[in-house]
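Working notes for the structure below.
The values are calculated or read from the model by the stated rules, or taken from the named source; none is laboratory data. Treat the numbers as computed from the prediction; the structure is a model and nothing was measured. So basically every Cβ, Gly included, is an ideal-geometry build from the backbone, and we count neighbours across all protein chains shown. Quick note on the areas: whole protein, heavy atoms, side chains included, nothing else; ligands and nucleic acids left out. Shrake-Rupley method; radii C 1.70, N 1.55, O 1.52, S 1.80 Å.
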Amino acid sequence: MPVIFEEFNVIYAEPLRCPTEFRALRRKAQALSEESCREILRQATTGVLAVLGDEGYPYAVPLNYCLEGNKIYIHCAKTGHKLDAIRQCDKVSFCVIGQDDLKPELFTTFYKSVIVFGRASTIEDETAKRHAISMLCEKYAPDLIAEGQKEIDAFWNGLTMLQIDIEAISGKQTKDLAEE
């Protein structure tokens with residue numbers, strides 16, 4: 001029986017299921033440890049947030065972020081496509097590429113990547129919001145903390161902070177790196 005999402009007018013041929021477990025990596029020998037995944041998340045500067053967008057189309061947007069514990073923090077404006085999508089469905093994925101070395105002579109790429117699944121929400125508590133944006137400032141402008149705080153204050157009223165509560169994390173590397 002097809003399931004109809006009236007808010008998107010999307011019809012699925014099969015009933016939707018909510019997985020009780022996330023899919024396991026198919027190529028287990030290429031899997032990264034959780035600590036390696038978290039290190040890539042700490043070091044990388046750009047991630048891609050994917051949400052269920054308008055009319056059921058995926059919407060993926062590259063952005064800056066930071067990781068603390070089991071949360072990823074992202075800043076954005078007060079309105080926009082990603083916020084509208086998260087209000088409709090808070091389930092998101094977030095992908096980071098930690099290594100991307102093209103090897104044309106081998107017809108491959110030596111890569112490491114991480115994908116996170118989780119639930120996104122806006123941070124409403126002012127103290128938590130300030131903590132999250134300050135962490136972003138520390139990650140991207142560690143030598144300009146005082147200037148960053150002035151910038152944060154100047155744009156505070158137009159700032160929204162998102163947090164992704166991580167439910168699953170996995171990473172993968174090319175088999176050539178896994179064999180090293």
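Within segment 144-154, is there a residue that is farther than 21 Å from C89 by Cα, in contact with a Ser or Thr (Cβ under 9 Å, 6 or more places away or on another chain) and charged (D, E, K, R)? For segment 144-154, residues farther than 21 Å from C89 by Cα, in contact with a Ser or Thr (Cβ under 9 Å, 6 or more places away or on another chain) and charged (D, E, K, R): absent.
Looking at segment 66-84 only, could you name the residues that are open to solvent by less than 70 Å² (accessible area, probe 1.4 Å), farther than 24 Å from G171 by Cβ and either of a type outside the set (A, V, I, L, M) or touching a Leu at 6+ places or on another chain (Cβ under 6 Å) (or both)? Of everything in segment 66-84, those that are open to solvent by less than 70 Å² (accessible area, probe 1.4 Å), farther than 24 Å from G171 by Cβ and either of a type outside the set (A, V, I, L, M) or touching a Leu at 6+ places or on another chain (Cβ under 6 Å) (or both) turn out to be C76, G80, H81. Scanning segment 5-50 for residues that are over 21 Å from the mean Cα position of the chain (by Cα), assigned to a strand (DSSP E or B) and either at pLDDT 70 or above or surrounded by 11 or more Cβ atoms within 10 Å (Cβ to Cβ) (or both) yields a count of 3. Checked against (1) out of contact with any helix residue (DSSP H, G or I) (no Cβ under 6 Å at 6 or more places or on another chain); (2) closer than 22 Å to V48 by Cα; (3) not aromatic (F, W, Y), E147 passes all but a single condition, namely (2).
Note on segment 120-135: residues that are among the hydrophobic types (A, V, I, L, M, F, W, C) and either buried (at least 19 other Cβ atoms within 10 Å of the Cβ) or under 18 Å from K82 (Cα atoms) (or both) total 4. Residues in segment 51-73 that are over 21 Å from E35 (Cα atoms), of a type outside the set (G, A, S) and either assigned to a strand (DSSP E or B) or modelled with pLDDT of 95 or more (or both): V51, L52, P58, Y59, V61, P62, L63. Can you confirm whether segment 101-119 contains a residue that is open to solvent by less than 50 Å² (accessible area, probe 1.4 Å), under 23 Å from C37 (Cα atoms) and in contact with a Gly (Cβ under 7 Å, 6 or more places away or on another chain)? Yes, that holds for at least one residue.
Just checking, does segment 55-65 include any residue being buried (at least 19 other Cβ atoms within 10 Å of the Cβ), touching a residue at least 24 places away in the same chain (Cβ under 8 Å) and within 26 Å of T174 (Cα to Cα)? Yes - at least one qualifying residue is present in segment 55-65.
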